[in-house]
Amino acid sequence: MAVVVDGYSTASFLAPAFLAHGMRCVHVSSGEQRVPALRATHSPELYLADLAADAGLLDRLAAFRVAHVLPGLDSGSELASDLAAQLDVPTRNDEHLARARRDKAAMLGALRDAGVPVRAHAEVGSADEAVAWCTARGRGALPAAGGRWW
């Protein structure tokens with residue numbers, strides 16, 4: 001049995017794909033999907049259960065023999081990683097890199113730490129910080145219409 005976290009949008013095809021191979025799924029909503037258009041793509045009838053991520057989630061999942069946990073959308077990445085670790089499923093990623101699967105600055109940091117060359121980047125909290133970073137690199141002015149910084 002598989003758990004799909006945030007099986008919305010294109011991830012709505014995961015449950016039918018698993019079913020085609022004889023595997024049933026449980027859906028877990030991280031609660032981050034508040035966009036009605038995405039929620040409208042959800043088909044709860046394709047799942048054994050449609051659960052919310054709350055304090056009793058692990059207890060409710062214990063009723064199923066979970067073999068796999070995967071995120072449907074980026075919004076489910078960290079919860080899927082946490083659940084896979086807590087349920088001790090054999091097919092899981094390193095939970096310490098969960099943030100790097102969603103946060104681009106963390107992703108680039110993980111790549112750099114692994115020895116992969118990455119582009120220059122900065123994590124900033126405001127437009128002013130972004131302009132200051134660009135200015136320090138000799139690229140403070142915005143490019144002309146259609147122009148590029150690189």
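The values are calculated or read from the model by the stated rules, or taken from the named source; none is laboratory data. What you see is a predicted model; the values in this text were computed from it and never measured. Methodologically, a virtual Cβ is constructed for each residue, glycine included, from the backbone with ideal geometry; neighbour enumeration extends over all protein chains shown.
Restricting attention to segment 67-91, the residues that are surrounded by fewer than 19 Cβ atoms within 10 Å (Cβ to Cβ) and of a type outside the set (Ser, Thr, Tyr) total 10. Pairing residues of segment 118-137 that are under 15 Å from ALA106 (Cα atoms) with residues that are among the small types (Gly, Ala, Ser), at Cβ distances under 7 Å and at least 6 apart in sequence or on separate chains, gives HIS121/ALA105; GLU123/ALA105; VAL124/ALA130.
Scan segment 24-39 for residues that are surrounded by 11 or more Cβ atoms within 10 Å (Cβ to Cβ) and free of Cβ contacts under 8 Å to residues at least 40 places away in the same chain and report the count.
So the count comes out to 8.
Against the condition under 24 Å from MET107 (Cβ atoms) and modelled with pLDDT of 95 or more, how does VAL4 come out, does it pass? Answer is yes for this residue. Yes or no: segment 83-98 includes at least one residue that is touching a residue at least 60 places away in the same chain (Cβ under 8 Å), touching a Pro at 6+ places or on another chain (Cβ under 9 Å) and not aromatic (Phe, Trp, Tyr). Checked against the condition, which is being touching a residue at least 60 places away in the same chain (Cβ under 8 Å), touching a Pro at 6+ places or on another chain (Cβ under 9 Å) and not aromatic (Phe, Trp, Tyr), segment 83-98 yields no hits at all.
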